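Have a look at the structure below, then the notes.
The values are calculated or read from the model by the stated rules, or taken from the named source; none is laboratory data. Everything numeric here is computed off the predicted structure, so don't read it as measured data. As a convention, Cβ positions derive from the backbone with ideal geometry for all residues, glycine included, and neighbour counts pool all protein chains shown.
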Number of protein chains: 2
Amino acid sequence: MKKLINLPGLVVSEALHGMQAAHPDLLKVFFDPNYIIRADAPLKGKTAVVSGGGSGHEPMHGGFVGRGMLHAACPGDVFTSPTPDQILAAVKAVDGGAGVLNIVKNYSGDVMNFEMAAELASDEGIKTESVVINDDVAVKDSLYTQGRRGVGATVLAEKICGAASERGYDLKKTAGICRAVNESSRSMGMALTSCTVPAAGKPTFQISENEMEIGIGIHGEPGRERLPLKKASEITGMMMDAVTSDLPYKKGDRVILMLNGMGGTPLIELYLLYGEVYKIAKSKGILISRKLIGNYITSLEMQGFSITLLKADDEMLGLWDDPVLTPALRWGI
Amino acid sequence: MKKLINLPGLVVSEALHGMQAAHPDLLKVFFDPNYIIRADAPLKGKTAVVSGGGSGHEPMHGGFVGRGMLHAACPGDVFTSPTPDQILAAVKAVDGGAGVLNIVKNYSGDVMNFEMAAELASDEGIKTESVVINDDVAVKDSLYTQGRRGVGATVLAEKICGAASERGYDLKKTAGICRAVNESSRSMGMALTSCTVPAAGKPTFQISENEMEIGIGIHGEPGRERLPLKKASEITGMMMDAVTSDLPYKKGDRVILMLNGMGGTPLIELYLLYGEVYKIAKSKGILISRKLIGNYITSLEMQGFSITLLKADDEMLGLWDDPVLTPALRWGI
């Protein structure tokens with residue numbers, strides 16, 4: 001296993017120490033249990049927005065903590081759900097009296113532990129709402145999931161809900177926009193290579209030199225099919241078809257598009273892929289109103305990419321454009 | 001060869017088409033010869049700042065074109081110098097009458113072709129100055145280089161010179177700050193894996209499962225030594241020693257630090273490494289005043305990282321903080 005680490009068991013906590021050292025102006029990191037909060041949290045009277053999940057998907061979620069996005073993130077071990085006490089600690093740390101929105105990716109462990117944390121928070125008098133993100137069209141039911149997996153839409157929901165909180169949306173309204181984002185989002189991913197979880201020490205799956213996995217999950221869960229490697233134009237064609245047939249589009253529909261690298265894909269390839277996606281969107285009459293191109297929800301060093309399309313209305317686009325200042329996303333400030 | 005491309009010979013031009021489609025608000029892309037300019041170039045009366053080099057190092061250089069940074073970038077083929085006519089076309093496109101600063105990484109082909117372009121520009125009445133960046137302490141003389149290679153300091157010089165231009169620094173003064181940045185910068189890189197140039201179709205070099213290359217070049221040129229893989233703390237120790245012994249520091253010296261991924265390194269590892277670098281800097285009394293952590297000067301999908309330290313004065317820190325709006329670096333706007 002080739003990794004730039006000290007010991008497999010220390011990866012998450014040492015990376016968190018690095019984040020703390022790197023961004024003291026933006027965030028505070030707590031240990032045992034591990035969570036990250038905005039440096040200025042709690043914000044009195046503002047709906048707090050919390051997310052979390054396994055580590056190994058960086059910059060998600062810790063890289064999205066900061067002004068205009070997450071109030072807190074709970075990083076579990078690599079590809080492992082955060083624990084209820086970890087989530088509870090984060091929720092308590094950022095509640096400003098207006099309640100807490102939990103944005104949860106649809107993996108059985110995450111859903112269960114966020115539910116338990118919500119009950120514990122309720123016992124302590126903190127109002128929470130949870131929205132489960134399930135935008136991955138690749139497969140229904142998967143290795144760690146009942147129903148569809150939650151992937152790229154999580155990033156878009158975190159940005160938009162963070163902005164909603166800044167604008168003063170109450171808990172119910174913030175949860176409402178989160179649900180709307182999820183309902184209007186569809187994603188699909190693919191991989192050329194596996195990744196290696198540090199504690200496992202060997203690749204999560206085997207894939208031969210001329211194969212690719214279409215519809216891969218962010219933990220290397222199997223996708224729709226294992227195919228011979230194809231050209232970028234064909235791959236993007238398959239993925240855009242999968243995404244746009246699941247939520248049909250009409251001419252002139254506007255989207256926030258994320259073309260996301262899985263962690264080991266060079267940027268030159270992501271731009272090449274964006275060129276293909278742009279042509280397909282244009283041919284379908286879809287307007288790419290806003291975009292992210294880069295590594296936002298990754299699977300360690302996996303080579304591959306995913307496409308997320310959010311059919312956006314004026315409110316979502318406005319919230320998207322609001323200022324954001326986090327380690328991984330920054331504009332308007 | 002596993003890559004998300006169509007044909008090896010089309011990678012650069014197709015990625016440029018993707019950039020054009022992605023960022024029409026920030027930049028314009030021209031083809032045959034290939035170059036990228038700021039959407040609002042030329043800027044009358046402002047010193048233009050141009051850079052370029054082989055592709056495969058994205059976001060460098062095209063991702064740094066925009067307000068407050070580069071006026072133009074000339075991307076060669078993958079790991080191949082841009083041609084003189086390509087550089088000349090870019091220089092002519094962005095000269096606003098105040099002359100052009102060429103920021104050149106120290107590789108024999110780049111230096112020669114930028115020199116030829118400068119002569120051709122001079123024939124057309126355009127004043128240019130060239131500054132050659134040679135910050136890599138790893139080796140003296142290398143596969144494509146006489147003297148030291150130019151690496152991470154290029155990113156810092158481009159940011160600082162772009163800001164100098166915005167402030168109205170004339171050509172001589174902009175070149176002066178560029179030289180000062182180069183003289184105060186030192187870098188070193190390492191790799192766990194090779195990368196594969198699309199046209200070659202096979203890895204640039206072989207490295208076994210338990211080895212690393214310390215002092216690697218950004219094209220996979222040999223470094224100082226091939227060693228058994230060590231812990232992150234030991235690797236960063238070796239690299240920080242190499243960088244800080246080459247340009248000695250005294251307690252309280254301030255630096256702009258770049259901890260740069262080579263393209264295939266997950267962000268969780270970069271943050272872990274930053275934690276180690278931070279501890280070492282602290283123990284040496286070096287103040288990390290500003291930092292970049294991420295993929296800025298890459299080698300396709302290579303796994304590895306580099307450290308760049310710029311001992312910065314007030315002027316450099318001020319120019320660093322000035323607003324920048326490019327595809328890859330953005331703040332203050």
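Taking the criterion of being crowded, with 22+ Cβ neighbours inside 10 Å and either of a type in the set (D, E, K, R) or outside any helix (DSSP H, G or I) (or both), the residues of the stretch B:155-168 that qualify are B:Glu158, B:Lys159. Which one is nearest to the chain's Cα centre (by Cα), of the residues in the stretch B:51-82 that are under 18 Å from B:Asp32 (Cα atoms) and of a type in the set (A, V, I, L, M)? Only one residue fits best here, namely B:Ala73. Report yes if B:Gly332 is crowded, with 22+ Cβ neighbours inside 10 Å and within 13 Å of chain A (Cβ to nearest Cβ), otherwise no. No.
Scanning the stretch A:275-287 for residues that are in contact with a Leu (Cβ under 8 Å, 6 or more places away or on another chain) and either part of a loop (DSSP other than H, G, I, E, B) or facing chain B (nearest Cβ under 8 Å) (or both) turns up just one, A:Ile286. Every listed requirement among (1) within 11 Å of another protein chain (Cβ to nearest Cβ); (2) in contact (Cβ under 8 Å) with a residue 24 or more places away in the chain; (3) farther than 18 Å from A:Leu300 by Cα; (4) of a type in the set (D, E, K, R) is met by B:Glu315 save one, (1). If you go through the stretch A:253-274 and keep only what is within 7 Å of chain B (Cβ to nearest Cβ) and within 26 Å of A:Leu319 (Cα to Cα), you end up with A:Tyr271, A:Tyr274. Annotation note: of A:Ser208, A:Ser233, the sole residue that is of a type in the set (Gly, Ala, Ser), outside any loop (DSSP other than H, G, I, E, B) and over 20 Å from the mean Cα position of the chain (by Cα) is A:Ser233. Can you find a residue that is more than 11 Å from chain A (Cβ to nearest Cβ), over 25 Å from B:Arg67 (Cβ atoms), out of contact with any Ser or Thr (no Cβ under 7 Å at 6 or more places or on another chain) and surrounded by fewer than 17 Cβ atoms within 10 Å (Cβ to Cβ) anywhere in the stretch B:45-52? The answer is no, given that none of the residues of the stretch B:45-52 is more than 11 Å from chain A (Cβ to nearest Cβ), over 25 Å from B:Arg67 (Cβ atoms), out of contact with any Ser or Thr (no Cβ under 7 Å at 6 or more places or on another chain) and surrounded by fewer than 17 Cβ atoms within 10 Å (Cβ to Cβ). Taking residues in the stretch A:288-307 that are at the interface with chain B (Cβ under 7 Å from one of its Cβ atoms) and closer than 15 Å to B:Gly294 by Cβ, and partners anywhere that are buried (at least 24 other Cβ atoms within 10 Å of the Cβ) and hydroxyl-bearing (Ser, Thr, Tyr), the pairs with Cβ atoms closer than 6 Å and at least 6 places apart or on different chains are A:Ile293/A:Tyr274. Of the set (1) touching a Pro at 6+ places or on another chain (Cβ under 8 Å); (2) within 17 Å of A:Gly264 (Cα to Cα); (3) among the small types (Gly, Ala, Ser), all apply to B:Gly332 but (2).
Okay, residues lined up against (1) among the hydroxyl-bearing types (Ser, Thr, Tyr); (2) surrounded by 24 or more Cβ atoms within 10 Å (Cβ to Cβ); (3) under 21 Å from B:Pro59 (Cβ atoms):
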{"site": "A:Asp241", "(1), (2), (3)": "no, no, no"}
{"site": "A:Leu259", "(1), (2), (3)": "no, yes, yes"}
{"site": "A:Gly264", "(1), (2), (3)": "no, yes, yes"}
{"site": "A:Leu273", "(1), (2), (3)": "no, yes, yes"}
{"site": "A:Gly285", "(1), (2), (3)": "no, no, no"}
{"site": "A:Asn295", "(1), (2), (3)": "no, yes, yes"}
{"site": "A:Ser299", "(1), (2), (3)": "yes, yes, no"}
{"site": "A:Met302", "(1), (2), (3)": "no, yes, yes"}
{"site": "A:Pro323", "(1), (2), (3)": "no, no, no"}
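The strands (runs of 3 or more DSSP E) found entirely in the stretch A:72-154 that carry 1 or more residues being over 22 Å from A:Ala15 (Cα atoms) are A:100-105, A:128-133.
Conditions tested, residue by residue: (1) touching a Lys or Arg at 6+ places or on another chain (Cβ under 8 Å); (2) outside the structural domain of B:Pro24 (by TED's automatic domain parsing); (3) at negative phi.
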{"position": "B:Gly62", "(1), (2), (3)": "no, no, yes"}
{"position": "B:Gly68", "(1), (2), (3)": "yes, no, no"}
{"position": "B:Ala72", "(1), (2), (3)": "yes, no, yes"}
{"position": "B:Pro84", "(1), (2), (3)": "no, no, yes"}
{"position": "B:Ala90", "(1), (2), (3)": "no, no, yes"}
{"position": "B:Gly99", "(1), (2), (3)": "yes, no, no"}
{"position": "B:Val111", "(1), (2), (3)": "no, no, yes"}
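Residues that are within 21 Å of B:Thr298 (Cβ to Cβ) and either among the polar types (S, T, N, Q) or more than 13 Å from chain A (Cβ to nearest Cβ) (or both) within the stretch B:227-239 comprise just one, B:Thr236.
Given the structure, is B:Lys202 under 19 Å from B:Ser299 (Cβ atoms) and either buried (at least 18 other Cβ atoms within 10 Å of the Cβ) or not assigned by TED's automatic domain parsing to the domain that holds B:Ala48 (or both)? Here the answer is yes, as B:Lys202 does meet what is asked. Scanning the stretch A:223-250 for residues that are over 12 Å from A:Ile307 (Cβ atoms) and among the polar types (S, T, N, Q) yields A:Ser233, A:Ser245. Return yes or no: is A:Leu300 farther than 17 Å from A:Asp135 by Cβ, in a loop (DSSP other than H, G, I, E, B) and not assigned by TED's automatic domain parsing to the domain that holds A:His57? Taking the combined requirement at face value, the residue satisfies it.
Within the stretch B:13-48, the set of residues being farther than 30 Å from B:Lys172 by Cβ and in a loop (DSSP other than H, G, I, E, B) comprises B:His23, B:Pro24, B:Asp25, B:Phe31, B:Asp32.
Close contacts from the stretch A:238-252, counting a first residue that is assigned to a loop (DSSP other than H, G, I, E, B) and a second that is loosely packed, with under 13 Cβ neighbours inside 10 Å, with Cβ to Cβ under 7 Å and a gap of 6+ residues or different chains, come to A:Lys251/A:Gly285; A:Gly252/A:Gly285. Under 15 Å from A:Leu272 (Cα atoms), within 19 Å of the chain's Cα centre (by Cα) and without any contact (Cβ under 8 Å) to a residue 60 or more places away in the chain: does that describe B:Ala15? Taking the combined requirement at face value, the residue satisfies it. Among the residues making up the stretch B:180-226, those that are among the hydrophobic types (A, V, I, L, M, F, W, C) and within 12 Å of chain A (Cβ to nearest Cβ) are B:Met190, B:Ala191, B:Leu192, B:Cys195, B:Val197, B:Ile207, B:Met212. A residue that is out of contact with any strand residue (DSSP E or B) (no Cβ under 7 Å at 6 or more places or on another chain) and closer than 30 Å to A:Trp331 by Cα can be found somewhere in the stretch A:95-114. Selection over the stretch B:137-152 of residues that are surrounded by 24 or more Cβ atoms within 10 Å (Cβ to Cβ) and closer than 24 Å to B:Thr83 by Cβ gives a count of 3. The residue of the stretch A:9-29 that is nearest to the other protein chains (Cβ to nearest Cβ), among those that are surrounded by fewer than 17 Cβ atoms within 10 Å (Cβ to Cβ) and not charged (D, E, K, R), is A:Leu10.
Conditions: (1) within 26 Å of B:Asp253 (Cα to Cα); (2) modelled with pLDDT of 95 or more. B:Ser130 meets all but one. Number of the miss? Every listed condition holds for B:Ser130 apart from (1).
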